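**Student:** Below are the structure tokens for one structure; questions will follow.
The values are calculated or read from the model by the stated rules, or taken from the named source; none is laboratory data. Computed from a predicted model, the values in this text were never measured in an experiment. Here the Cβ positions follow ideal geometry from the backbone for every residue, glycine too, while neighbour counts run over all protein chains shown. Remember, those area values only see protein heavy atoms, side chains included, never the ligands or the DNA or RNA. Shrake-Rupley method; radii C 1.70, N 1.55, O 1.52, S 1.80 Å.
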Amino acid sequence: MQELKIKAGPYDLVGRLELEKAPQTCAAFIKALPFVSEIVHVRWSGEGVWMPLGELDFGVGYENHTSYPAPGQMILYPGGISETEILLAYGGVHFASKVGQLAGNHFLTITTGIEHVYDLGRMTLYKGAQPIRFDPA
């Protein structure tokens, strides 16, 4: 499996798994499919939306991690000093929490529907939480 179908708010997206750069994170996320959550606007990080996942443990450490994901990139923060979360950048992001800068594993890149990512982010900012679902492509 190299791609995932993503339904985020009213948008249909496709994401490419970063299998070579983040193999453990991709494998753990694939095991969790179908993955259903809600996205809310980030609190501290800039132009992004996130899925707060509390104590959910994907059983992975850091790999291919960044604090500055580009628009359309999804990162998974595996937990530690802050709760587990998945973040999707739709503009400039400096990934952080109330305890400071964080780094998450870049494991998925939006390849189809990237033109909707900014609108999804702004919709979430102004209209509130949006449903999101990941399925095998």
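**Student:** With a cut-off of 8 Å between alpha carbons and a minimum separation of six or more residues, what is the relative contact order of the chain in percent?
**Tutor:** Reported relative contact order: 37 percent.
**Student:** Just order 124-133, 45-54, 8-17 by mean Cβ neighbour count inside 10 Å, highest at the front, would you?
**Tutor:** 45-54, 8-17, 124-133
**Student:** Would you mind calculating the gained length between Val40 and Tyr118 on full extension (0.36 nm times residue separation, minus the Cα-Cα distance), in nm to one decimal?
**Tutor:** In short, 26.7 nm is gained.
**Student:** Could you check the spin-label model distance between Glu55 and Leu19? Points 7 Å from the Cα along Cα→Cβ, value in nm.
**Tutor:** Distance between label points: 3.5 nm.
**Student:** Among Val49, Tyr77, Thr124, flag the residue with its Cα farthest along the positive direction of the charge dipole of the chain, charges on Cβ as +1 for Lys/Arg and -1 for Asp/Glu.
**Tutor:** Projecting each Cα onto the dipole axis, the largest value belongs to Thr124.
**Student:** Show me, for segment 103-108, the HN-Hα J-couplings you get by feeding each phi into the Karplus relation (A = 6.51, B = -1.76, C = 1.60, θ = phi - 60°), rounded to Hz, glycine and proline as x.
**Tutor:** So the Karplus estimates, Gly and Pro as x, are 9, x, 7, 6, 10, 8 Hz.
**Student:** Shifting gears a bit: Would you mind checking segment 61-88 for residues with the amide N under 17 Å from a putative spin-label position 7 Å along Cα→C-beta of Leu125?
**Tutor:** Those under the cut-off are 69-73, 88.
**Student:** Any chance you could look up the accessible area of His116 with a 1.4 Å probe, heavy atoms only, rounded to 10 Å²?
**Tutor:** Per-residue accessible area (His116): approximately 60 Å².
**Student:** Here's another thing I want to ask about it. Counting Lys +1, Arg +1, Asp -1, Glu -1, what net charge surrounds Ile114 among other residues with beta carbon under 13 Å of its beta carbon?
**Tutor:** Once all neighbours under 13 Å are counted, the net charge is -2.
**Student:** How many angstrom lie between the Cα centre of segment 33-49 and the Cα centre of segment 67-137?
**Tutor:** Each part reduced to its Cα centre gives a spacing of 5 Å.
**Student:** While we're looking at this one, here's another question. Which residue, Ile75, Ile110, Ile30, has the most motion in a Gaussian network model of the chain that connects Cα atoms within less than 10 Å?
**Tutor:** Of the options given, Ile30 has the highest mean-square fluctuation.
**Student:** Sticking with this structure for a sec: Compute the length gained on full extension between Gln2 and Tyr68: take 0.36 nm times their separation in residues and subtract their Cα-Cα distance, giving the result in nm to one decimal.
**Tutor:** Extra length from Gln2 to Tyr68 when fully extended: 21.4 nm.
**Student:** Just the Cα atoms of segment 1-47: what Rg and Dmax do they give in Å?
**Tutor:** Rg and Dmax of segment 1-47, Cα atoms, are 12.6, 33 Å.
**Student:** Can you list the aspartates and glutamates whose alpha carbon is less than 14 Å from that of Lys127, not counting same-chain residues fewer than 8 positions off?
**Tutor:** Hits, sequence-local ones excluded: Glu38, Asp119.
**Student:** Starting at the first residue of segment 76-84, write each ³J(HN,Hα) from the Karplus equation 6.51 cos²θ - 1.76 cosθ + 1.60 with θ = phi - 60°, in whole Hz, x for Gly and Pro.
**Tutor:** 10, 8, x, x, x, 7, 9, 6, 4
**Student:** Can you bin the chain into rounded, prolate or oblate? Criterion: square roots of the alpha carbon gyration tensor eigenvalues sorted a ≥ b ≥ c, rounded for a/c under 1.5, prolate for a/b above b/c, oblate for the rest.
**Tutor:** rounded
**Student:** With the cut-off at 1.5 for a/c, could you classify segment 6-78 from its C-alpha gyration tensor as rounded, prolate or oblate?
**Tutor:** rounded
**Student:** Can you tell me the dipole magnitude for the chain around its Cα centre, using point charges on the Cβ only (Lys, Arg +1; Asp, Glu -1), in Debye to the nearest 20?
**Tutor:** 200
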